[in-house]
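Reviewing the structure listed below.
The values are calculated or read from the model by the stated rules, or taken from the named source; none is laboratory data. From a predicted model like this one, the values you see are computed outputs, not experimental measurements. Don't worry about glycine lacking a Cβ; one is built from the backbone with ideal geometry, like all the others, and counts go over all protein chains shown.
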Amino acid sequence: LGQRVDRAVLAPRGRQGPRLTDLKVQTSSYGTAIPRVFGTMRVAGCVIWSTDLIETRQDGRAGKGQPVTTSYSYAASFAVALSARRIAGVGRIWADGKLLRGAAGDWKTQTGFRLHHGSEDQAPDPLIASHEADAPAHRGIAYAVFEALQLADFGNRIPSLTFEVIGDATPPRAGDVMRALGEGAIVGAGPDDPVAGYAASGDSVAGAVAALATMTGAWMVPDGAATRIGRATGAPLVLDPDATLREARLPVEAVPAALSLSHYDPARDYQIGVQRALGTGGGWREEAIELPVALEAARARQVADDLIRERERSRRSRKAVLDATAIAIAPGTAVRSDGALWRVTRAAVEGWRVTLD
């Protein structure tokens, strides 16, 4: 509630969707947004509970007749929220960038570990319940609990952790993710592109789905009380060949000479990768796009190529004047004119004429 008040009243931030840097640093702050993980993604999470450091004293002698020496070791127990939707499991875990748990579930440092998958009927964690009188169950939140993690390898402090969170057993389709985020407000078929991994967050649903729309070439279209997913696929409407057409072109400088696309690369442990596509026109500037989605390098390069080709095609705009039979054509509709595919961005009705941009 405090975060909503801050955003709406005190200091609107203008932030819409997730950013590439969001998943790197572990937090422990109140009001921190917890992402909804789809596919498989590496996330830092948010520490939601912890004990004080657990100190263990050990006395010993280096040898017979030697004085007694005392050594101390430290451990910590804590819980980390990972996803605001149910997950299938957790794979590898990194501590301060080094592997803490391998893909086979082998631990490099001694610790107890429990994973709560985020079901709506999960019970409170027994360790938290033994410390807190009214321990919450965090239903609907997937979280991990470490019990007595030994801290000697981390300078006797809780390390910064990142987790390979498996949100879905198989990579979901982009359209399914978009509709799940919309919770009934987003309708329409497709896109069918698989999503290797996505941690949805941000200030709005529109911002959360924008990355997936960019990846798939989709756009959002008002459809009554809902929003429909639009794509330049299927059977587009064919405009009357007798329509009055006026065409315009933006100058060549409007198209970037190159486009760089940043993304999470699963083959590099979800580190940020960059793919670059070159334009075919005479532009001089370079455009940089952050796409906070897990994409294989080859797929990310294809998306970069598609985006710069889309920029080149968007130099051309057209105004079509039709009769009243075209009154149902709404912005966002894909239409075919003179053999080319166009997207309607504006529709105006005046008398018996319909003008489409």
Is there a residue in segment 178-200 that is farther than 29 Å from ALA142 by Cα, among the basic types (Lys, Arg) and either surrounded by fewer than 20 Cβ atoms within 10 Å (Cβ to Cβ) or free of Cβ contacts under 8 Å to residues at least 40 places away in the same chain (or both)? no
Among the residues in segment 307-327, are any within 30 Å of THR40 (Cβ to Cβ), under 20 Å from the mean Cα position of the chain (by Cα), buried (at least 17 other Cβ atoms within 10 Å of the Cβ) and outside the structural domain of ARG36 (by TED's automatic domain parsing)? yes
Would you say GLY230 is surrounded by 20 or more Cβ atoms within 10 Å (Cβ to Cβ) and closer than 22 Å to VAL354 by Cβ? yes
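Name the strands (runs of 3 or more DSSP E) wholly inside segment 258-298 in which the number of residues that are of a type in the set (Gly, Ala, Ser) is 3 or more.
Those strands (runs of 3 or more DSSP E) span 258-265.
Listed residues ALA84, ALA103, ALA137, ALA123; which is within 24 Å of THR51 (Cβ to Cβ), in the same structural domain as TYR30 (by TED's automatic domain parsing) and out of contact with any helix residue (DSSP H, G or I) (no Cβ under 9 Å at 6 or more places or on another chain)?
The unique qualifying residue is ALA137.
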Name the residues in segment 246-298 that are out of contact with any helix residue (DSSP H, G or I) (no Cβ under 9 Å at 6 or more places or on another chain) and loosely packed, with under 14 Cβ neighbours inside 10 Å, would you? ARG246, GLU247, ALA248, ARG249, LEU250, PRO251, GLU253, GLN271, GLU286, ALA288, ALA298
Could we say that ASP357 is acidic (Asp, Glu), over 29 Å from PRO251 (Cβ atoms) and surrounded by 12 or more Cβ atoms within 10 Å (Cβ to Cβ) here? no
Among all residue pairs at least 6 apart or on different chains, which show Cβ distances below 8 Å where the first residue, located in segment 262-273, is closer than 12 Å to ARG42 by Cβ and the second is part of a strand (DSSP E or B) and among the acidic types (Asp, Glu)? TYR270/GLU164; GLN271/ASP265; ILE272/ASP265
Across segment 164-192, the tally of residues that are modelled with pLDDT of 95 or more, under 22 Å from LEU23 (Cα atoms) and of a type in the set (Asp, Glu) stands at 1
